[in-house]
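Chemist: Below is the structure I would like to discuss, written out as structure tokens.
The values are calculated or read from the model by the stated rules, or taken from the named source; none is laboratory data. Note that the structure is predicted; figures quoted are calculated from it, not measured. Note that we place each Cβ from the backbone using ideal geometry, even for glycine, and neighbour counts take in every protein chain shown.
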Amino acid sequence: MKDEAWKTRQIVCYYQWVPIMLLVMSAMSLVPALLWRFLSRRSGVDVSALMVSAAAGQEAGYAELRERTVRYVVNQVCALLFTRATTAQSGLVASR
């Protein structure tokens, strides 16, 4: 009798791993965002403000406003690149 009951009983073992796998998957999707925020803050560049400015410049109806916005974004990116190049030349950052 025990053998028949054991054979007909279905054992499902994988359901216990579903919550654990969901937590791991959610952590794996969260880590890149946290890493991006951390590195963005350390670089001193406000990427979100640049993106908002670029989007506003793209949607601007007036050519003067669009040009001013694009000039702002370009100046910010150039300042970042110039600062990085100057820092690398001065030897403060180890170059590859």
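Chemist: Specify the residue that is farthest from the chain's Cα centre (by Cα); the eligible residues are those in the stretch 1-47 that are of a type in the set (Phe, Trp, Tyr) and modelled with pLDDT of 80 or more.
Modeler: Result: 17.
Chemist: For residue 83, all conditions in the list (1) modelled with pLDDT under 80; (2) loosely packed, with under 12 Cβ neighbours inside 10 Å; (3) part of a helix (DSSP H, G or I) hold save one; what is the number of the exception?
Modeler: So the condition that residue 83 fails would be (2).
Chemist: Further, regarding this structure: Determine whether residue 42 is surrounded by 11 or more Cβ atoms within 10 Å (Cβ to Cβ) and of a type in the set (Lys, Arg).
Modeler: no
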